């Protein structure tokens with residue numbers, strides 16, 4: 001029996017080409033601080049990759065950037081992935097999404113405070129610069145109202161509709177107050193000053209926030225006289241402006257603020273005299289920072305032990321904050337973080 005051999009005309013069937021894997025996908029998300037008040041940097045995000053038999057073969061991870069964004073790419077397609085968002089020992093979130101061939105999946109952003117979404121008005125003054133601090137914190141939506149021009153600041157505070165466009169109104173220490181929020185000589189323009197006080201009160205009552213510092217205390221005292229007891233005669237404008245030069249080792253009595261800063265102590269600088277010390281507050285007022293300070297009356301110096309330096313209180317749906325020290329002039333990182341904390345919790 002003859003055997004048939006192979007020759008040049010023989011036909012060979014080659015192996016089939018392997019199937020082409022679908023294009024991998026990418027997933028992007030964003031991380032919010034557990035407080036819900038700011039985007040969180042340096043959070044660890046990871047997801048597990050499993051084979052068809054359900055065996056874990058790889059873990060992909062990424063870290064959130066300064067704006068809270070993270071991205072994990074080159075994910076095999078046609079799988080459902082769970083992304084674990086971890087900060088320290090705490091898993092903050094674990095969203096799940098399907099990734100198809102070549103997909104770029106953007107996860108829904110969590111509800112979170114965003115400084116770009118807050119509108120701020122700053123009434124300027126000689127003794128603080130809130131705009132400098134806010135700029136460093138990423139705030140972009142603020143306008144400056146010339147607090148040294150009586151007609152400008154009066155027109156703004158007489159326009160309730162204009163005020164209502166802002167979430168927060170800052171009153172820098174040293175803005176004009178006489179003939180705006182009070183009338184020292186009882187002239188026939190007193191009705192105007194009453195209307196301005198009424199407008200500020202209504203603005204806060206409707207949910208707005210007023211934040212004042214240093215010499216701006218008269219504005220707050222004239223509208224909410226029973227909340228904070230400053231030194232001096234409450235009926236006399238500027239009478240509390242007697243604080244001495246000082247460098248105070250203060251205590252942060254607000255536990256959440258202390259946790260935010262990672263410390264319960266704070267160095268507060270009173271680099272100019274005649275600031276307004278607080279003696280006491282009503283029970284409805286929260287003291288965030290306390291310390292021992294001194295003030296002068298005539299030729300005598302008096303000590304105040306463990307008194308409020310930074311306080312806040314609610315009025316209607318809104319809030320009022322007052323700092324005895326100047327935020328911008330202190331300039332320390334901790335003081336900036338305190339302002340950030342207060343902004344995030346208003």
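The values are calculated or read from the model by the stated rules, or taken from the named source; none is laboratory data. Worth saying up front: this structure is predicted, and the values here are computed from it rather than measured. Neighbour counts run over all protein chains shown; Cβ positions are idealised from the backbone, glycine included.
The residues of region 149-166 that are in contact with a strand residue (DSSP E or B) (Cβ under 7 Å, 6 or more places away or on another chain) and free of Cβ contacts under 8 Å to residues at least 40 places away in the same chain, listed by number, are 152, 153, 156. The condition (being assigned by TED's automatic domain parsing to the domain that holds residue 177, under 16 Å from the mean Cα position of the chain (by Cα) and closer than 21 Å to residue 122 by Cβ) is satisfied by just one residue among 257, 327: 327. Where strands (runs of 3 or more DSSP E) fall entirely within region 92-131, those with at least 2 residues that are in the same structural domain as residue 327 (by TED's automatic domain parsing) and farther than 30 Å from residue 50 by Cβ are at 120-123. Taking residue 64, is it modelled with pLDDT of 95 or more and either within 21 Å of residue 111 (Cβ to Cβ) or surrounded by 10 or more Cβ atoms within 10 Å (Cβ to Cβ) (or both)? Yes, satisfied. Scanning region 273-311 for residues that are at negative phi and out of contact with any strand residue (DSSP E or B) (no Cβ under 9 Å at 6 or more places or on another chain) gives 283, 297, 299, 300. Which residues, counting only those in region 260-277, are over 13 Å from residue 248 (Cβ atoms), within 25 Å of the chain's Cα centre (by Cα) and not in a helix (DSSP H, G or I)? Correct list: 262, 263, 264. Give the residues of region 92-118 that are under 29 Å from residue 210 (Cα atoms) and either touching a helix residue (DSSP H, G or I) at 6+ places or on another chain (Cβ under 9 Å) or surrounded by 15 or more Cβ atoms within 10 Å (Cβ to Cβ) (or both), sorted by residue number. 110, 112, 113, 114, 115, 118 - these are the residues of region 92-118 that are under 29 Å from residue 210 (Cα atoms) and either touching a helix residue (DSSP H, G or I) at 6+ places or on another chain (Cβ under 9 Å) or surrounded by 15 or more Cβ atoms within 10 Å (Cβ to Cβ) (or both). For region 67-91, a residue qualifies if it is closer than 16 Å to residue 50 by Cβ and surrounded by 13 or more Cβ atoms within 10 Å (Cβ to Cβ), and the qualifying residues are 72, 75, 76, 77, 79, 81, 83, 84.
Output yes when any residue across region 255-269 is within 30 Å of residue 196 (Cβ to Cβ) and either at pLDDT below 95 or surrounded by fewer than 24 Cβ atoms within 10 Å (Cβ to Cβ) (or both), and no when none is. Within region 255-269, none of the residues are within 30 Å of residue 196 (Cβ to Cβ) and either at pLDDT below 95 or surrounded by fewer than 24 Cβ atoms within 10 Å (Cβ to Cβ) (or both). Considering region 167-192, and only residues there that are surrounded by fewer than 21 Cβ atoms within 10 Å (Cβ to Cβ) and touching a strand residue (DSSP E or B) at 6+ places or on another chain (Cβ under 6 Å), the residue that is modelled with the highest pLDDT turns out to be 174. If only residues of region 147-177 that are assigned to a helix (DSSP H, G or I) and under 24 Å from the mean Cα position of the chain (by Cα) are counted, the one that is farthest from residue 239 (Cα to Cα) is 162. From the list 256, 240, 250, 202, the one residue that fits, being within 16 Å of residue 338 (Cα to Cα) and either part of a loop (DSSP other than H, G, I, E, B) or without any contact (Cβ under 8 Å) to a residue 60 or more places away in the chain (or both), is 250. Taking the numbered list (1) over 26 Å from residue 117 (Cβ atoms); (2) in contact with a helix residue (DSSP H, G or I) (Cβ under 6 Å, 6 or more places away or on another chain) in turn, residue 289 passes all entries but (2).
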